[in-house]
Amino acid sequence: MRFLPTPIPGVIQVEPVVHRDARGFFLETYHATRFREGGIRETFVQDNHSRSVRDTLRGLHAQSPHPQGKLVRVIEGEIWDVAVDVRRGSPAYGRFFGARLTATGFEQLYVPPGLAHGFLVISEVAQVEYKCTQPYDPKAEFSIAWNDPDLAIPWPTASPLLSERDRRAPRLRDVQDRLLDFAG
């Protein structure tokens with residue numbers, strides 16, 4: 001596996017080794033020791049799975065307290081996956097990193113605890129699986145507007161399908177009391 005750092009501290013792209021032959025393919029999607037060696041030291045305690053249609057945008061979501069780190073991968077289709085650094089005091093505060101994740105490429109993105117996360121489906125359908133470092137706590141969850149002009153994320157759609165909660169999400173500057181501090 002290759003672990004590629006990004007401009008956002010703690011956000012890591014993971015490229016697994018895929019073994020292909022006439023029967024199909026095999027790959028390891030997670031190996032605790034290799035992930036620790038690659039800089040992902042958290043323990044995963046919950047797996048989630050979603051299926052969404054084209055132009056569905058889920059996010060931007062964060063949690064405080066009990067922030068979730070997420071290891072995201074696509075098992076059908078393609079998404080544009082986005083991590084936003086919303087940790088107070090981070091050198092990358094307010095910046096985002098976006099990556100195309102595909103079922104055929106097997107790429108993964110690790111989003112550490114304390115960041116906001118969202119994705120847009122860019123294929124007809126996408127199924128996304130992600131491992132989490134904390135169990136889901138609905139009281140800890142909050143949203144940030146996907147189209148916050150201060151973040152200026154260039155989502156590849158002008159009119160996404162949104163949940164009501166994400167449609168009403170406030171801007172980053174309006175949720176400062178929910179943000180966690182950067183631990184360095």
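Assorted remarks:
- Restricting the first member to the stretch 150-175 and to residues that are touching a residue at least 40 places away in the same chain (Cβ under 8 Å) and of a type in the set (Asp, Glu), and the second to residues that are open to solvent by 30 Å² or more (accessible area, probe 1.4 Å) and assigned to a loop (DSSP other than H, G, I, E, B), the beta-carbon pairs closer than 9 Å and six or more apart or on different chains are Asp150/Arg171; Asp166/Trp146.
- Scanning the stretch 27-41 for residues that are open to solvent by 50 Å² or more (accessible area, probe 1.4 Å) and under 24 Å from Trp80 (Cα atoms) yields Glu28, Tyr30.
- Given (1) within 24 Å of Pro135 (Cβ to Cβ); (2) under 16 Å from the mean Cα position of the chain (by Cα), number of the condition Pro65 does not satisfy: (2)
- Any hit, the stretch 69-80, residues being of a type outside the set (Gly, Ala, Ser), in contact with a helix residue (DSSP H, G or I) (Cβ under 9 Å, 6 or more places away or on another chain) and buried (at least 17 other Cβ atoms within 10 Å of the Cβ): yes
- For the stretch 110-161, a residue qualifies if it is farther than 22 Å from Ile8 by Cβ, among the hydrophobic types (A, V, I, L, M, F, W, C), open to solvent by 20 Å² or more (accessible area, probe 1.4 Å) and modelled with pLDDT of 95 or more, and the qualifying residues are Val125, Leu161.
- Tally of residues being in a loop (DSSP other than H, G, I, E, B) and within 13 Å of Gln63 (Cβ to Cβ) across the stretch 92-136: 8
- Checked against the criterion of being in contact with a Pro (Cβ under 9 Å, 6 or more places away or on another chain) and of a type outside the set (Ser, Thr, Tyr), the candidates Pro138, Pro112, Pro154 yield just one match: Pro112.
- Residues in the stretch 31-47 that are farther than 16 Å from Pro112 by Cα and either basic (Lys, Arg) or in contact with a strand residue (DSSP E or B) (Cβ under 9 Å, 6 or more places away or on another chain) (or both): Arg34 only.
- The residues of the stretch 1-27 that are in contact (Cβ under 8 Å) with a residue 40 or more places away in the chain and part of a strand (DSSP E or B), listed by number, are Ile12, Gln13, Val14, Glu15, Val18, Leu27.
The values are calculated or read from the model by the stated rules, or taken from the named source; none is laboratory data. No experiment lies behind these values; they were computed from the predicted model shown. In this analysis, Cβ positions are derived from the backbone assuming ideal geometry, glycine residues included, and neighbour counts consider all displayed protein chains. Just so you know, the surface numbers come from the protein's heavy atoms only, side chains and all, with ligands and any DNA or RNA stripped out. Shrake-Rupley method; radii C 1.70, N 1.55, O 1.52, S 1.80 Å.
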